[in-house]
Amino acid sequence: MKHILEVEKLTKDFTPPLSFSKLIKLDFKHRKPTRALEDVSFSLKKGQILGVLGPNGAGKTTLLKIIATLILPDKGSVVVNGYRLGINDDKIKSFIGMVSSQERSFYWRLAGRQNLEFFASMYGLKNPKDKIEELFKLFAIDYQDSRFDTYSAGMKQKFALIRGLLNDPELLLLDEPTKSLDYATALDLRNFIKEDLVRKKEKTVIFTTHHMDEALDLCDLFMILHKGRLYALGTMEELRRKINNPVASLGEIFVKLTEKS
């Protein structure tokens with residue numbers, strides 16, 4: 001089966017910003033960069049759900065932002081559905097939907113529905129109203145005509161999820177998407193991903209989370225990412241074999257693989 005995503009030796013450094021004290025002293029001495037990703041390589045086939053596990057600072061969000069063409073790597077390559085990052089970015093964007101728990105791009109003075117209609121026009125979607133109404137029903141939304149700045153964190157996150165699904169993406173990137181959702185809505189979202197997106201439509205999903213139980217419920221492949229390095233990638237059985245423990249939990253596997261780092 002053809003790979004929808006191929007990532008090879010991805011490396012990304014960030015230079016920390018100047019502190020205020022150094023700025024007023026005009027101290028522009030060299031600042032050591034922080035390595036967010038180091039030689040990360042993997043591939044995904046159509047219809048797979050990959051759970052990326054790691055603490056804050058592991059490089060999870062950086063990885064998704066690079067795949068989504070939001071930032072460029074310092075080294076390495078990304079190919080999405082045969083299109084290469086840095087060369088065919090517009091084509092890549094047409095295949096991808098990204099949802100972040102730190103969504104900041106909505107227009108707060110507009111209603112939720114108006115925001116989605118605007119984003120649909122940016123995607124070039126024709127007659128998106130039926131799709132928008134379908135997603136409102138999925139997420140049990142009845143406040144779509146209220147101003148966006150009146151929404152709670154959980155309500156805003158639902159709209160971020162809807163926006164990520166508007167263009168019916170082949171590859172869906174979810175960066176801690178259930179962070180602000182209540183239990184029932186988070187469960188509905190996972191079921192929707194497994195049944196509607198993956199089983200029925202053969203979409204591919206990358207899902208980052210801190211919650212091991214959530215990853216186990218949703219994903220069929222797991223990536224252990226720590227301090228920018230990929231420690232393991234595989235099914236639960238493969239990861240258990242890697243640490244020679246046939247009954248280890250996902251949390252135990254993570255601790256065992258990263259304890260000496």
- [ ] Search segment 116-137 for residues that are surrounded by fewer than 16 Cβ atoms within 10 Å (Cβ to Cβ) and pair each with any residue that is of a type in the set (S, T, N, Q) and at pLDDT below 85 when their beta-carbon atoms are under 6 Å apart and the residues are at least 6 apart or on different chains.
- [x] none
Task: Residue list for segment 138-152, restricted to those being touching a residue at least 40 places away in the same chain (Cβ under 8 Å) and closer than 15 Å to residue 162 by Cα - done: 138, 139, 140, 148
TODO: Among the candidates 202, 238, single out the residue that is at pLDDT 90 or above, among the acidic types (Asp, Glu) and farther than 16 Å from residue 174 by Cβ.
DONE: 238
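Got a number for residues in segment 215-229 being open to solvent by less than 50 Å² (accessible area, probe 1.4 Å) and either under 9 Å from residue 258 (Cβ atoms) or outside any helix (DSSP H, G or I) (or both)?
Step one: filter segment 215-229 for residues open to solvent by less than 50 Å² (accessible area, probe 1.4 Å), giving 215, 218-219, 221-226, 228.
Okay, now just the ones that are also either under 9 Å from residue 258 (Cβ atoms) or outside any helix (DSSP H, G or I) (or both), so 219, 221-226, 228.
Qualifying residue count for the region: 8.
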Task: Which listed residue is surrounded by 13 or more Cβ atoms within 10 Å (Cβ to Cβ), small (Gly, Ala, Ser) and part of a helix (DSSP H, G or I), from 160, 184 - done: 160
Task: Options 208, 258, 235: the member that is surrounded by fewer than 18 Cβ atoms within 10 Å (Cβ to Cβ), on the phi < 0 side of the Ramachandran plot and of a type in the set (Ser, Thr, Tyr) - done: 235
Open item on the list: Going through 79, 40, 99 one at a time, which residue ends up being at pLDDT below 90 and either open to solvent by less than 50 Å² (accessible area, probe 1.4 Å) or touching a helix residue (DSSP H, G or I) at 6+ places or on another chain (Cβ under 7 Å) (or both)?
Closed with: 99
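The values are calculated or read from the model by the stated rules, or taken from the named source; none is laboratory data. None of these values were measured; they are calculated from a predicted model. Every residue, glycine among them, receives a Cβ derived from its backbone with ideal geometry; neighbour counts consider all protein chains shown. To get the accessible areas, we keep the full protein, side chains included, count just its heavy atoms, and leave off ligands, DNA and RNA. Shrake-Rupley method; radii C 1.70, N 1.55, O 1.52, S 1.80 Å.
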